[in-house]
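What follows draws every value from the coordinates through simple rules; no lab data is involved. None of these values were measured; they are calculated from a predicted model. Note that we place each Cβ from the backbone using ideal geometry, even for glycine, and neighbour counts take in every protein chain shown.
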Amino acid sequence: MNKIFSALPTTIFEVMSSLAREKQAINLGQGFPDDPGPQDVRRIAAEAVLDGYNQYPSMMGIPELRQAIADHYRRFQGVDLNPLTEVMVTSGATEALAGAIFGAIEPGDEVVLFQPTYDAYLPLVLRAGGVPRLVALQPPQWTFTQADLAAVFSPRTRAVIFNNPLNPSGVVYEREQIELLASFCARFDAIAICDEVWEHVIFDGRRHISMLEIPSMRERTIKIGSAGKIFSLTGWKVGLVAAAPALMKVIAKSHQFLTFTTPPNLQVAVAYGLGKDEDYFTTMRASFQRSRDRFCAGLAARGFPVIPSQGTYFVNVDIGALGLDDDVAFCTQLVERFGVAAIPVSAFYAQDHVRTVVRFCFAKTDATLDAGLERLEHAVAELRKGGA
Ligand code: PMP
Ligand code: GLN
């Protein structure tokens, strides 16, 4: 069997969710909300199954969704996309990532990645024959410098994979960092594969800046989005790609043999949802921000050193300051003995590991968060007594 996949561990999200089910733990690991998601969007999907068209939709996505995607990004990001040549619907952002990576990378091409890297990136790059060049970001800022980029970009760089807002760190990069990265892409003639699935889940009045908004990047950016995140419906797996026609043509060829298409009822519902007024997006953000604040206050009150979260469903704590030095051991004990699942951030490093950062998902009801906090307090008291 293929050596890359046979050597891979099962992804940490599945490992932790399985343990959470087995131990009946509170699952603050894998990122999914307790809230069932907007009822109007779900109703339209249900009606479309009963009364709509349920045969293969077109390979690039149904026309009304491609138009809705173009309209949505014109409204929110001021980006002009041609729905016929620059927009494609995929089965989740995960499929979009595979399509973009397989479409863009030739064996031997170098690919710049930032650690912590979302779980799918590195295996897909390796499977495409890419040679990873890794930048290790450090808490609590998780920023990169000109020197960091100069150390990994070269004339062999074909692409950079950039996740903004960044999962698991919860950072929302500002224009200065985005432009710094853009300047390296232009200098080395590299493509930016931009995973922007968290674009709407950002807090404290921030605005998401898409790489597509940077004029020098318009022709060299592959933007990836996910309706799963925009509508808090993570199981739906409806993703999207936006890219200039020359890039899109090739990514579409890759997509045609990954999934080819995506369930039509979900496409109809997402097309409707993307047209929702500003109020939906503001209310969604405010609700997650309130949960973030409640959970972070609870963590801080219990002495956890919280690394601020600017976006995503996640907040991180640095257990090093509690005298604990192994995030994997901590998370294993936490789920097995104390009934809380979390994610050890070292799982997202292939080298130069950061080993004391633990990610929690706060997109939960107050009752779930409060119960989780109580168990965490007990766990840390016990683990500090005995050493993790
Ligand atoms: N990229 C990032 C950064 C994510 O956090 C996720 C899901 N949490 C995905 C991609 C995958 O999205 P989807 O479920 O639409 O495949
Ligand atoms: N992206 C989700 C998270 O960060 C998990 C997605 C998955 O399980 N593949 O928790």
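So here's what we get for this one:
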| read-out | value |
| --- | --- |
| Search result, residues across segment 362-374 that are surrounded by fewer than 20 Cβ atoms within 10 Å (Cβ to Cβ) and within 13 Å of residue 304 (Cα to Cα) | 374 |
| Residue 258 being in a loop (DSSP other than H, G, I, E, B) and either touching a helix residue (DSSP H, G or I) at 6+ places or on another chain (Cβ under 8 Å) or surrounded by 14 or more Cβ atoms within 10 Å (Cβ to Cβ) (or both) | yes |
| Residue, surrounded by the fewest Cβ atoms within 10 Å (Cβ to Cβ), within segment 184-208, restricted to residues that are of a type in the set (Val, Ile, Thr) and farther than 27 Å from residue 109 by Cβ | 202 |
| All positions within segment 222-247 that are surrounded by 24 or more Cβ atoms within 10 Å (Cβ to Cβ), farther than 17 Å from residue 54 by Cβ and touching a strand residue (DSSP E or B) at 6+ places or on another chain (Cβ under 9 Å) | 222, 223, 224, 225, 226, 227, 239, 240, 241, 242, 243 |
| Residues (hydrophobic (A, V, I, L, M, F, W, C) and within 16 Å of ligand 1 (Cβ to nearest atom)) located in segment 1-46 | 12, 13, 15, 16, 28, 32, 41, 45 |
| Residues within segment 29-41 that are among the hydrophobic types (A, V, I, L, M, F, W, C), more than 10 Å from ligand 2 (Cβ to nearest atom) and under 27 Å from residue 331 (Cα atoms), tallied | 0 |
| Qualifying positions in segment 84-111 - within 16 Å of ligand 1 (Cβ to nearest atom), more than 16 Å from residue 238 (Cβ to Cβ) and surrounded by fewer than 24 Cβ atoms within 10 Å (Cβ to Cβ) | 102 |
| Strands (runs of 3 or more DSSP E) lying entirely in segment 39-146 (those with 2 or more residues that are closer than 21 Å to residue 228 by Cα) | 87-90 |
| Residue list for segment 9-47, filter: closer than 30 Å to residue 264 by Cα, of a type in the set (S, T, N, Q) and in contact with a helix residue (DSSP H, G or I) (Cβ under 6 Å, 6 or more places away or on another chain) | 30 |
| Residue pairs meeting the criteria (Cβ under 8 Å; at least 6 apart or on separate chains; first over 18 Å from residue 190 (Cβ atoms), in segment 123-145; second among the acidic types (Asp, Glu) and outside any loop (DSSP other than H, G, I, E, B)) | 139/318; 140/318 |
| Any chance residue 345 is over 30 Å from residue 46 (Cβ atoms) and in contact with a Cys (Cβ under 9 Å, 6 or more places away or on another chain) | no |
| Among the candidates 40, 34, 51, 71, residue that is closer than 30 Å to residue 349 by Cβ and either touching a Pro at 6+ places or on another chain (Cβ under 9 Å) or surrounded by fewer than 20 Cβ atoms within 10 Å (Cβ to Cβ) (or both) | 34 |
| Those residues of segment 261-319 which are outside any loop (DSSP other than H, G, I, E, B) and of a type in the set (Lys, Arg), in sequence order | 285, 290, 292, 294 |
| Subset of segment 172-211 [part of a strand (DSSP E or B) and either more than 23 Å from residue 147 (Cβ to Cβ) or within 12 Å of ligand 1 (Cβ to nearest atom) (or both)] | 193, 194, 195, 202 |
